[in-house]
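In what follows, a single structure is set out as structure tokens and then discussed.
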Amino acid sequence: MTTELYPRERPGLVRDAAAEAGLGAVLLTPGPDLRYVTGYDAKELERLTCLVVPAEGEAFLVVPRLELPAAQESPAGSLGLELVPWDETDDPYELVARRLPGVRTVGVADRMWAMMALRFRAAMPDAEQVAAGSVLRGLRMRKSAAEVAALREAGAAIDRVHRRVPQIIKPGRTEREVARDIGDAILDEGHARVDFVIVGAGPNGANPHAEPSDRVIRPGEPVVVDIGGTMPSGYCSDSTRNYCVGEPPAEYRAYYAVLEEAQRAAREAVRPGVAPEAVDAAARDVIEAAGYGEHFFHRTGHGIGLETHEEPYIVAGNREPLEPGMAFSVEPGIYPGPHGARIEDIVVCTEDGHEAVNATERGLVVIE
């Protein structure tokens, strides 16, 4: 799958996009953009690693000499890229500048460290710096068949974790204890890294980004479990399901039914040509009609791929039409205060609708 996920033509596609955008070159340091273009999951170090993609000419990868073996062994080593090692007494920023004479505008990686951007500015004082994300966004938003397969694999892995959650949540355990065991399960089920574990019991479930605490889970309390990790492929999972130890409060069941309807409506709204804001509205309209509008205060979704949060964002104001291959979460929530709930699936826009990569039941799981 590696060659399919990180094909040889990617550097050329970035070169063409840079030229179309009027940039003289794109500079990509370690992070998701570099991995997207080359497959190289480079260490973030104070020593410069940088893929240089001129608008005219061939791309080359500048690496510290001690990192050269890692670059050669990564997918980047089979792309036919020129690998340019530098030694401890070299100035890699000047090295790059010498190979880009006359360049007047460069796109720097959105996540480039400030110290590196400033060093490039000093080495190329006549070159304006702009964010490279504007060049790469169109490529990264539209997932290839191999990328969709990687997201399916990630979705299946996090589904397996959710199926284990009812055996992990027990009354008397703390959120932190439950989160620790869920994190272990994320790794057990095939992820290379745990990215986040949210275990929000009772009132903590009303905080969408609650950190696991020492609060003890009590009988009759709803628990929001939002989890995700990164697979060996580099692609991410993210899914939220809801649990309750024993019978939940009646008012919780009432708004949970509304939430299920809203999440279903949003998923069913996904198809090519539909604006992301319309998907957001599909969920929001159901929740507002039921009288819970003030308790849904975040966007309906975010793109996913090599990052848990990337474009496109499913939010009011985003009118850029959905296209086949775009992948994102659909995760409306209702958070009245005594407790809260969120249902989240990752979906992919297809030629005629959508595919959900998560298959676990979306209904409330009551743990007896």
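The values are calculated or read from the model by the stated rules, or taken from the named source; none is laboratory data. These numbers were taken from a predicted model, which means no experiment stands behind them. Here Cβ is always computed from backbone atoms with ideal geometry, including for glycine, and neighbour counts include all displayed protein chains. Only protein heavy atoms, including side chains, enter the accessible area calculation; ligands, DNA and RNA are left aside. Shrake-Rupley method; radii C 1.70, N 1.55, O 1.52, S 1.80 Å.
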Counting pairs of alpha carbon atoms under 8 Å apart in space and at least six apart in sequence, what relative contact order in percent does the chain give? 14 percent
Asp87 and Arg164 label points (each 7 Å along its Cα→Cβ direction) are spaced in nm at 4.9 nm
Give me the accessible area of Leu139, 1.4 Å probe, in Å² rounded to the nearest 10. 40 Å²
In whole percent, the fraction of accessible protein surface over the chain that belongs to carbon or sulfur atoms, probe radius 1.4 Å, stands at 49 percent
How large is the accessible surface of Leu66 in square angstrom, using a 1.4 angstrom probe and rounding to the nearest 10? 100 Å²
For the stretch 1-156, share of DSSP beta bridges that run antiparallel, in % to the nearest 5: 35 percent
Per residue, how many Å² of accessible area does the stretch 20-76 show with a 1.4 Å probe? 37 Å²
Theoretical ellipticity at 222 nm over the chain - DSSP helices of four or more residues, -39500 (n - 2.57) apiece, nearest 500: -10500 deg cm²/dmol
Of the labelled options [x] 1.03; [y] 0.99; [z] 0.96, which one gives Rg/Rh (Cα atoms, Kirkwood Rh) as computed for this structure? [x]
Heavy-atom accessible area per residue - the stretch 93-218, 1.4 Å, Å²: 47 Å²
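If a helix is a whole DSSP H run, which ones in the chain reach 24 Å or further along their own axis (Cα) and hold a mean Kyte-Doolittle hydropathy of at least -1.0?
Helix filter hits for the chain: 145-168, 250-268.
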Ranked highest first by average number of other Cβ atoms within 10 Å, how do 318-328, 192-202 line up? 192-202, 318-328
State in Å² the accessible area per residue of the stretch 241-300; use a 1.4 Å probe, count heavy atoms of protein chains only, and round to the nearest integer. 42 Å²
Of the residues Val225, Val357, Val130, which exhibits the maximal mean-square fluctuation in a Gaussian network model of the chain defined by a 10 Å Cα contact cut-off? Val130
Taking the Cα centroid of the stretch 214-239 and of the stretch 93-145, what is the distance between the two, rounded to the nearest whole Å? 36 Å
Quick one: putting +1 on the C-beta of Lys and Arg, -1 on the C-beta of Asp and Glu, what dipole do you get for the chain around its Cα centre, in Debye to the nearest 20? 200 debye
Estimated distance in nm for a label pair at Asn207 and Arg104, the labels positioned 7 Å out from Cα along Cα-to-Cβ: 5.2 nm
Report the relative contact order of the stretch 248-368, percent, no decimals, based on alpha-carbon pairs under 8 angstrom and at least 6 residues apart. 28 percent
Under a GNM of the chain (C-alpha, springs under 10 Å), which listed residue has the highest mean-square fluctuation: Pro92, Pro69, Pro203? Pro69
How large is Rg over Rh for the stretch 28-86, taking Rg from the Cα atoms and Rh as the Kirkwood inverse mean of 1/r across Cα pairs? 0.91
Stretch Ala131-Asp184 to full length: gain in nm at 0.36 nm per residue minus the Cα-Cα span? 15.4 nm
Would you mind listing how long the stretch 268-332 runs along its three principal axes, going by Cα atoms, in whole Å with the largest first? 35, 24, 19
At 1.4 Å probe size, with no ligands or nucleic acids counted, give the accessible surface of Leu48 in Å², nearest ten. 0 Å²
Pull up the DSSP beta bridges for the chain and report the antiparallel fraction as a percent, rounded to 5. 70 percent
Rounded to the nearest 0.05, what FRET efficiency do Ala257 and Arg319 give with R0 = 25 Å and r taken as the Cβ-Cβ distance? Could you check? 0.20
5 Å binning of all Cα-Cα separations within the stretch 243-368, expressed as whole percents from 0 upward: 2, 11, 22, 23, 18, 13, 7, 3, 1, 0
